[in-house]
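Worksheet for the structure shown next.
The values are calculated or read from the model by the stated rules, or taken from the named source; none is laboratory data. None of the values given here were measured: they were computed from a predicted structure. All Cβ positions, glycine included, derive from the backbone under ideal geometry; neighbour counts span all protein chains shown. All accessible areas refer to the heavy atoms of the entire protein, side chains included, with ligands and DNA or RNA removed. Shrake-Rupley method; radii C 1.70, N 1.55, O 1.52, S 1.80 Å.
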Amino acid sequence: MMKMKTPGKSISHRAYARIGFLGNPSDAYYGNTLAVAIGNFGASVTLEPSDTLVFRPHPVHDPAHFTSLQHLVARVEGEGYYGGVRLLMAICKVFHAYCEVRGIILHDRNFTLSYDTNVPRQAGLSGSSAIVCAALSCLLEFFNVGDRMKVEDRPKVILSAEEELGITAGLQDRVAQVYGGLVYMDFDKATLERTGNGIYTPMDPKLLPQLYLIYTKNPSDSGKVHSTVRKRWLDGDELVRNCMKEVASLAVKGRDALLRQDFSTIAKLMDTNFDLQLCLAMLLLER
């Protein structure tokens, strides 16, 4: 590895929360989606050169001190056991592997990674992938290899880091956060199997109607439902497969409606997408 003198420059990057506008969650099932990154919520990561490699815990999201046993239990029941440090560690591992496989030489300077986020937890806004996305941007700049990782490859690198941790997800969230703004995505099976990427088409966010975001303060872990859906889809469950095809078709119709500025159709498609997600979740949970 190359030896270089450690400079004192710190690097910061930010990635934003993601709304699955239409077609969600068909991205993991060779479907189509429309997704948009929003500026209201986001995660920022800072990389500072240091003598050793350090992952700095967040004072709120990675707590190690509690006022009482009851406080610990309430924290775990509300937000789970895990914070963001594991995400930072995972993207560093995946980034190193990506570079090693491709013969990309990295210098041997160390760094400290820290993060902050205001994305509501477990609200379906992709807060975890926002942290990973921002961290990847920091690593690419610190090692000066941004030109060696194609933009279209970055979402799957981010997803690989989360898969390291057992997180069940698709490419949609990461694509929206890497590209920013509004993106139409076609996860054509043949293209995915050949390249590992979907076909990503950025669109003008001004095409969107005025939107309001509603989320709960007492969320549940959506990963359990996603895991069940994935298993049944792989098993050839006809209900799940037909539902995913219908969900995917909503994004195609939605893209065309946006281009026509047909907001009444957009509203109907959004209602249908929500109804299909709810119906599928209820049926799966009953089994």
* Take the alpha-carbon centre of the range 74-148, take the same for the range 31-62, and report the distance between them in whole Å. => 7 Å
* **Average projection area in nm² (convex hull over Cα atoms of the chain, one quarter of hull surface)** => 16.9 nm²
* Work out how much length K268 to H107 would gain on full extension: take 0.36 nm times their residue separation and subtract the Cα-Cα distance, in nm to one decimal. => 52.7 nm
* **Summed side-chain charge close to V60 - residues other than V60 whose Cβ falls under 14 Å, Lys, Arg +1, Asp, Glu -1** => 0
* Rounded D (µm²/s) - the range 9-105, Kirkwood Rh over Cα pairs, Stokes-Einstein at 25 °C, 0.890 mPa s -> 144 µm²/s
* Note down, for the range 138-277, the three equivalent ellipsoid semi-axes (square root of 5 times each alpha carbon gyration tensor eigenvalue), biggest first, whole angstrom. => 26, 22, 17
* Structure fact -> With all protein chains present, the chain has a carbon and sulfur share of its accessible area (1.4 Å probe) in percent of 53 percent
* To do: Add +1 for every Lys or Arg and -1 for every Asp or Glu among the other residues with Cβ under 14 Å from the Cβ of A35, and state the total.
  => 0
* To do: State which entries of K9/K156; K150/K189; K206/K231; K231/K268; K93/K245 exceed 32 angstrom in Cα-Cα distance in the structure shown.
  => K206/K231; K93/K245
* To do: Find the all-direction average of the projected area of the Cα convex hull for the range 79-216, expressing the result in square nanometres with one decimal place.
  => 10.0 nm²
* Structure fact -> So for R0 = 25 Å, FRET eff. of K245-E163 from the Cβ-Cβ r, to 0.05, ends up at 0.55
* Structure fact -> Given a 1.4 Å probe, the accessible area of the range 11-283 per residue, as a whole number of Å², is 50 Å²
